[in-house]
Amino acid sequence: MNTEEKEIIHWGCQTLLSLGYTLKNDLPEIVQSTPWSFVVRFETSDGVVYMKHTPELLALEPVITQMLRDQFHAAVPIIIASNSELYCFLMKDAGRPLREILKQKFEPSLLSHAIDQFTSLQLAVADHVKLFLDIGVPDWRLDILPDLYRDLLRQKDILIADGLSENDIHELEKQLPAVSNLCKKLSEYAIKPSLVQCDFHDNNILIAESSQAITFIDLGEIVMTHPFFSLVGCLRQMKKHHGLKEEDSAYALLLDVSLKNFMIHESKKRLLDAFMIAQRLWIIYEALAQYRLMLACDKAKFLAFQRHGKLRDALKEFLTAD
């Protein structure tokens with residue numbers, strides 16, 4: 001454990017004690033230790049409490065979480081305390097990851113319920129995007145996305161270091177008009193920009209054991225862009241971790257649920273058309289999310305964690321996508 005981690009844990013212990021908690025162990029259990037997230041678990045007299053630390057560039061998580069809870073009554077963690085200087089916060093336990101449950105037996109009902117809640121939240125937030133932009137949430141709306149893509153391609157040293165060739169970058173630059181055209185096409189549908197969580201999937205959806213209540217976690221990388229990007233990412237995770245195929249009835253069910261709440265704005269056919277465009281553009285969004293994460297983390301720690309090639313893989317997928 002390094003000096004920074006010791007300081008963070010000391011703050012967590014002292015804060016919990018000052019709030020009247022009794023700690024059952026001298027030291028908390030380290031749950032996660034990555035360049036972008038350090039999470040520990042405290043056993044206390046009032047149940048389990050988690051503490052999370054992130055790099056400074058991702059440290060908006062407690063602010064975003066609190067805003068979602070206070071102003072939108074969202075199913076997000078209960079924040080106990082936060083420290084803006086140490087970039088960490090304490091939150092109450094909210095259950096176990098849905099992925100653990102689905103790995104035992106894949107039944108889409110709980111995930112369907114979570115997607116329904118999340119898309120309802122996206123629709124609620126869509127009329128209040130400025131609130132999030134004002135606190136520093138990145139603006140990646142469709143009219144800005146092509147410029148972000150162009151700026152990314154200018155980072156040639158980073159792209160080459162991650163595995164792309166000069167020729168790859170040249171081919172990606174030739175795709176700029178296509179990216180702009182896709183953004184223009186998608187913006188023609190009556191779907192407003194909203195919050196998008198790049199890691200919206202079953203491992204960041206917690207289920208309370210007794211109540212079965214759903215809680216969305218890991219909200220520090222939220223941006224304001226097209227809401228379908230979260231849903232595309234979620235369905236891709238279902239393919240990766242649960243072997244779902246597009247011809248499966250469970251996949252069709254999850255896609256229907258993903259679109260259902262947006263039918264107040266568009267017909268199902270048009271939503272399916274928009275979703276197809278979003279699937280292609282999601283690859284660019286994913287590359288931008290990987291680049292943002294890379295910039296937020298300590299470079300040496302990031303590379304040591306074997307994240308090499310994530311940016312390359314996303315951009316190469318865009319070149320080969322139908």
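Bear in mind that the values in this text are calculations on the coordinates, not laboratory data. Just so you know, these numbers come straight off a predicted model, no measurement behind them. Cβ sites come from the backbone with ideal geometry, for glycine too, and all protein chains shown count toward neighbours.
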Counting other C-beta atoms within 10 Å, which of Ile283, Ile205 has the fewest, and how do the rest follow?
-> Ile283, Ile205
Output the direction-averaged projected area (hull surface divided by four) of the convex hull of the alpha-carbon atoms of region 100-257, in nm².
-> 11.6 nm²
Ranked on Cβ counts within 10 Å of their own Cβ, fewest leading, Cys88, Cys198 go Cys198, Cys88
For Cys13, Cys297, ascending order of other Cβ atoms within 10 Å (fewest first) is Cys13, Cys297
Round to the nearest 10 and give me the degree value, 0 to 90, for the angle of helix 61-72's Cα axis relative to the longest principal axis of the chain.
-> 80 degrees
Between helix 109-125 and the chain: long-axis angle, C-alpha atoms, 0 to 90°, nearest 10 | 80 degrees
Rounded, prolate or oblate (a/c below 1.5 giving rounded, otherwise prolate when a/b exceeds b/c) for region 276-322 by Cα gyration tensor = prolate
DSSP loop trypsin sites (Lys or Arg not before Pro) in region 58-157 with at most 16 other Cβ atoms within 10 Å of their Cβ, which ones?
-> Lys105, Arg154
Neighbourhood net charge (14 Å Cβ-Cβ; Lys/Arg +1, Asp/Glu -1) for Phe118 | -3
Nearest-ten-degree value, helix 310-320 long axis tilted from longest Cα axis of the chain | 20 degrees
How are the Cα pair distances of the chain distributed, in percent, across 20 Å bins from 0?
-> 30, 59, 11, 0
Starting from the coordinates of the alpha-carbon atoms of region 213-307, obtain the Kirkwood hydrodynamic radius over all distinct pairs and give the value in Å to one decimal.
-> 15.4 Å
Helix-derived mean residue ellipticity, 222 nm - over the chain, DSSP H n ≥ 4, -39500 (n - 2.57), to 500 = -16000 deg cm²/dmol
Which links in Lys105/Lys260; Lys24/Lys92; Lys184/Lys240; Lys185/Lys269; Lys192/Lys310 stretch past 18 Å when you go from one Cα to the other?
-> Lys105/Lys260; Lys184/Lys240; Lys192/Lys310
